[in-house]
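The values are calculated or read from the model by the stated rules, or taken from the named source; none is laboratory data. What you see is a predicted model, and the numbers here were worked out from it, not measured in a lab. Every residue, glycine as well, gets a Cβ built from its backbone with ideal geometry; the counts of neighbours run over all protein chains shown. Keep in mind that these areas ignore ligands, DNA and RNA; they rest on the heavy atoms of the full protein, side chains included. Shrake-Rupley method; radii C 1.70, N 1.55, O 1.52, S 1.80 Å.
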Amino acid sequence: MTDAMTLSHTPAAGGGEARAALPELTVVVPTYNEGANVAVLAERLAAVLGGLAWEVVFVDDDSPDGTADAVRALAARMPQVRLLHRVGRRGLSGACIEGILNAQAPVVAVMDADLQHDEAALPAMFAALAADPALDLVIGSRHVDGGTVGQGLSALRRRGSDGATRLARRVLGLRVSDPMSGFFMVRRSAFIGVVLDLQRQGFKILADMLSASGGRWKVAEVPYTFRPRHAGASKLDGAVTLEFLGLLVSRLTGGLLPIRFVLFLAVGATGVLVQLAGVRLAMLAAGGHFGAAQVLGVALAMTTNFAANNALTWRDRRLRGRAFLRGLLTFYAVCAVGAVGNVIVARALYRLFPDWLLASLGGAAVGAVWNFWASLTVTWKAR
Ligand code: GDD
Ligand code: MN
């Protein structure tokens, strides 16, 4: 009898190639500027996955270093390699989600492109899922016996990672040892069950998935040693940390407030402080003309809010150059309309219930929702 592996290389009767056997395992690898790593990783995968029908899907966000071309060149000589090329958007979690949805195999692994995750752990992770049909997820963990962070993280990153792990476990009620891991293997059917609840923004798809599964998944952990990055640089920066806090708040609201809206509100709160500081300074400088000082303070706050939202809230759609200026002008317009709506709603509420605090907060809430929605659809509209 011909087994599935040989079948894929046997020409079918009547000409053309037979359809390749469907893979048993899909490895999803998100990439951003990983051109120097993809070939090494694919070869290492081939070395450890020899006994399986497997494929690797590189999900590239149009990296400026030409990672997508490197993957295409690789695919020309390795039939297991596929490319998912995304344009006009950025984000690790979103890339993983699309990669998993594109997987052909019923079991899907996610790992980084930079060789920090130990591919030698994949067969054990696969074997665990094959042995137990009830198992939904296997996590590559740096924190169970036999696993370690090794030389993979700087002392500062390590402290941050430990803090984030504790916070995620407490806030999200997670019991696993390494919810921050970017290395895991999941049954596609289980993933499909939670995918509509997942946030595309941010880095922490595993923590989000575990939270979305509401503790109903059967989870195992397999140890591995986190290695130093092969080539290139990490994309994890301060904004990723803030996105992670946004994810926790979003989850605390049961997903009602998306990460983006949480970040937008946080930026808005800093805008209030900027406005107050601006008014105070303008009063000092201009000898106490409050009306003019207030106008300056508001303009300053709108400007810093725009810059902060551009760098954080919509950093996946960040505006630069001329688009930055056009965005700033539309943002002023959006905020102006929001302010008028804020006053109209607050006055209407005040007529219904004459409580100034409630009415004013009500106006602010409507203004914030409007500003967010209009910013999303006008200033930072998806391309
Ligand atoms: N498609 C796509 N789009 N891929 C991305 C993006 C993006 O916007 N940002 C990062 N990646 C890819 C990188 O190219 C890499 O393959 C992988 O995602 C992880 O990114 P790194 O920049 O290497 O992250 P890290 O090593 O600092 O963080 C890793 O370790 C953390 C634990 O310490 C990741 O695995 C995190 O998920 C993990 O929490
Ligand atoms: Mn890395």
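Here are a few things to note about the model shown:
- Rg of the Cα atoms in region 259-379, relative to 2.2 N^0.38 Å, amounts to 1.12.
- For LYS204, net neighbour charge (Lys/Arg +1, Asp/Glu -1) across residues whose Cβ lies under 11 Å away: -1
- Span from the region 118-194 Cα centroid across to the region 334-372 one, whole angstrom: 45
- With all protein chains in place and ligands, DNA and RNA left out, the 1.4 Å accessible area ranks ASP60, ASP132 as ASP132, ASP60, largest first.
- Here HIS230 sits with roughly 100 square angstrom of accessible surface, probe radius 1.4 Å.
- Backbone geometry of region 314-326 corresponds, through the Karplus equation with coefficients 6.51, -1.76 and 1.60 at θ = phi - 60°, to 3J(HN,Hα) couplings of 10, 5, 6, 10, 3, 8, 9, x, 4, 4, 5, 5, 4 Hz, x marking Gly and Pro.
- For the chain, accessible area per residue (1.4 Å probe, heavy atoms of protein chains only), Å²: 50
- In degrees, nearest ten, helix 155-172 long axis to first principal axis of the chain (Cα): 80
- Taking the Cα centre of the chain as origin and assigning +1 to Lys and Arg Cβ atoms and -1 to Asp and Glu Cβ atoms, the resulting dipole is close to 1380 debye.
- Sorted largest first by accessible area at a 1.4 angstrom probe radius, with every protein chain in place, the residues MET283, MET185 fall in the order MET283, MET185.
- Bridgeable aspartates and glutamates around LYS218 (alpha carbons under 13 Å apart, same-chain partners fewer than 8 residues away excluded): ASP132, ASP136.
- Order by protection proxy (mean Cβ within 10 Å, highest first), peptides 314-324, 359-369: 359-369, 314-324
- In this structure, the amide hydrogen of GLY35, modeled 1.01 Å from its nitrogen in the peptide plane, lies closer than 5 angstrom to those of THR67, counting only residues at least 5 positions away or on a different chain.
- Accessible-area order (highest first, 1.4 angstrom probe) of the listed residues LYS235, LYS381, LYS218: LYS381, LYS218, LYS235
- Helix 238-252 axis, angle to the chain major axis (alpha carbon atoms, nearest 10°): 90
- Counting only residues at least eight positions apart within a chain, or on another chain, the aspartates and glutamates with an alpha carbon under 13 Å from that of LYS381 are ASP316.
- Long-range amide H partners of VAL222 with built H, under 5 Å: ILE139, GLY140, SER141
- Per-residue HN-Hα couplings for region 368-383 [Karplus 6.51, -1.76, 1.60; θ = phi - 60°; Hz; x = Gly/Pro]: 5, 5, 4, 4, 5, 4, 5, 4, 5, 9, 10, 5, 10, 5, 5, 9
- In this view, the solvent-accessible surface of MET302, computed with a 1.4 Å probe and all protein chains in place, comes to about 40 Å².
- The three principal axes of the C-alpha atoms in the chain carry coordinate ranges of 89, 43, 42 Å, sorted with the longest axis first.
- Counting only heavy atoms of the protein chains and using a 1.4 Å probe, ASP65 has close to 70 Å² of accessible surface.
- Amide H contacts of ALA105 (H built 1.01 Å from N, under 5 Å, at least 5 apart or other chain): THR26
- Calculated from backbone phi, Karplus (6.51, -1.76, 1.60) coupling profile of region 269-286 in Hz, x at Gly/Pro: 5, 5, x, 4, 5, 4, 4, 4, 4, x, 5, 4, 5, 5, 5, 4, 6, 9
- Positive-pole candidate from PRO64, VAL279, PHE183, dipole of the chain, charges at beta carbon: VAL279
- For region 174-251, the dipole from Cβ point charges (+1 on Lys and Arg, -1 on Asp and Glu) about the Cα centre works out to 240 debye, to the nearest 20.
- Rolling a 1.4 Å probe over the protein heavy atoms of the chain, with every protein chain left in place, gives an accessible area that is 63 percent carbon and sulfur.
- Compactness of region 179-281 - radius of gyration and Dmax, Cα, Å: 17.7, 58
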